[in-house]
Amino acid sequence: MLDKLQALEDKFLELEGQISDPAVMADMVEWQRLTKAHSKMALVVEKFREYKKMLKTIGDAREMLQDKLDDEFREMVEAEYNEAQSKIGTLEEELRISLLPKDPNDDKNVIVEIRGGAGGDEAALFAGDLFRMYTRYAEKQGWRVEMLDANAPELGGFKEVIFSIQGEGAYSKLKYESGVHRVQRVPTTESSGRIHTSTVTVAVLPEAEDVDIDINPNDLRIDTYCASGAGGQHVNKTESAVRITHLPTGVVVQCQDEKSQLKNKDRAMRVLRARLLELAQAEQAAEVAENRKSQVGTGDRSERIRTYNFPQGRVTDHRIGLTLHKLDFVLDGDLDELISALVTAGQSEKLRDVE
């Protein structure tokens, strides 16, 4: 581990020299690339330097404690030694985690698809609650949300809603949200006060860039049609909605949220690229390793990952056995505690695999 970290620090110093070189600074694109790489290493290098400092403190203290010292000085050295010992274990664990292979999608923006499952109108209403939860969380992270497509029934919520979230580290945090979300509560239409159980599926896809997925235009069938739902006369007269079918895979996407056919086509293509990227990566993963459930789940959409129990005001994530009695806060976008626990569990699983 120390050899890898030292090599990382050496590379960090090399980049430091390059980004201050006037010749490199003259090429803005290259300078930005090197600066970004340097910035990504900074936190790990800082921790490694602190780790080396702790090792030196421990080594020096051990040597001094072998000598004859007066009681007051010995007490001071022992305190310094004990403090360094207590910190070095945590630093070592953090550094080991920092060397784990990175998910290449972690820095990508995401496309989130929420669909009502079992439960009819109640499932649609809860899909609306989850949409608000994720948009509120995105706002708190300083991320940008863009609606791509929605099917909203008269009673409220969504039968289906697709939107993008753009911001640093969006996929790294939201990827754990893929799966079946279960809600237990008394529907507003239930006169007897009986608790109903409904489900909503969430899919979080890394947003693909043109370089990630090469789509042959000849493989696409593009249909236009009149948008449905609210929109007044415009809806009835203009074929602004777009449906794109990827013929080799049968993947179909549609978008009708914008009045412009061109904008709807652009948004539909973004969703299509994300779905095709997901398919390609799933096939690749199946070739590389057996389909094995990790502690934080596979992200399979058939897997129940979380329950939101309204009568008890609790949220339970079944993958890691975490229950929080703060349902209102979670639904208002306070997801940090849940997501941090899932990230930690995922890192622990990877460490076990490495060991």
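From (1) within 24 Å of Glu177 (Cβ to Cβ); (2) in a helix (DSSP H, G or I); (3) at pLDDT below 85; (4) over 20 Å from the mean Cα position of the chain (by Cα), pick out the condition that doesn't hold for Ser86.
In the conditions (1) within 24 Å of Glu177 (Cβ to Cβ); (2) in a helix (DSSP H, G or I); (3) at pLDDT below 85; (4) over 20 Å from the mean Cα position of the chain (by Cα), Ser86 misses (1) alone.
Which ones in the range 1-23 are basic (Lys, Arg) and free of Cβ contacts under 8 Å to residues at least 40 places away in the same chain? If you could, list the steps in order and put the result at the bottom.
Applying the first criterion (basic (Lys, Arg)) to the range 1-23 yields 4, 11.
The one that is basic (Lys, Arg) and free of Cβ contacts under 8 Å to residues at least 40 places away in the same chain: Lys11.
Give Gly179, Gly116, Gly169, Gly157 a once-over and let me know the one that is surrounded by fewer than 21 Cβ atoms within 10 Å (Cβ to Cβ) and of a type outside the set (Val, Ile, Thr).
Working: Gly179 fails: surrounded by fewer than 21 Cβ atoms within 10 Å (Cβ to Cβ); Gly116 fails: surrounded by fewer than 21 Cβ atoms within 10 Å (Cβ to Cβ); Gly157 fails: surrounded by fewer than 21 Cβ atoms within 10 Å (Cβ to Cβ).
Just a single option satisfies the conditions, and that option is Gly169.
Would you kindly identify the strands (runs of 3 or more DSSP E) lying entirely within the range 262-355 that contain at least 2 residues that are crowded, with 20+ Cβ neighbours inside 10 Å, touching a strand residue (DSSP E or B) at 6+ places or on another chain (Cβ under 8 Å) and at pLDDT 85 or above?
Details: elements: 304-309, 314-317, 322-324.
In the range 262-355, the matching strands (runs of 3 or more DSSP E) lie at 304-309, 314-317.
Quickly run through the range 57-91 and pick out the residues that are surrounded by 15 or more Cβ atoms within 10 Å (Cβ to Cβ), without any contact (Cβ under 8 Å) to a residue 24 or more places away in the chain and small (Gly, Ala, Ser).
Correct list: Ala61 only.
Taking the range 12-29, which residues are within 28 Å of the chain's Cα centre (by Cα) and either loosely packed, with under 15 Cβ neighbours inside 10 Å or not in a helix (DSSP H, G or I) (or both)?
Applying the first criterion (within 28 Å of the chain's Cα centre (by Cα)) to the range 12-29 yields 12, 29.
Passing the criteria: only Val29.
The values are calculated or read from the model by the stated rules, or taken from the named source; none is laboratory data. Values in this document were obtained by computation on a predicted structure and should not be read as measured data. Glycine gets a Cβ as well: all are built from the backbone with ideal geometry, and neighbour counts include every protein chain shown.
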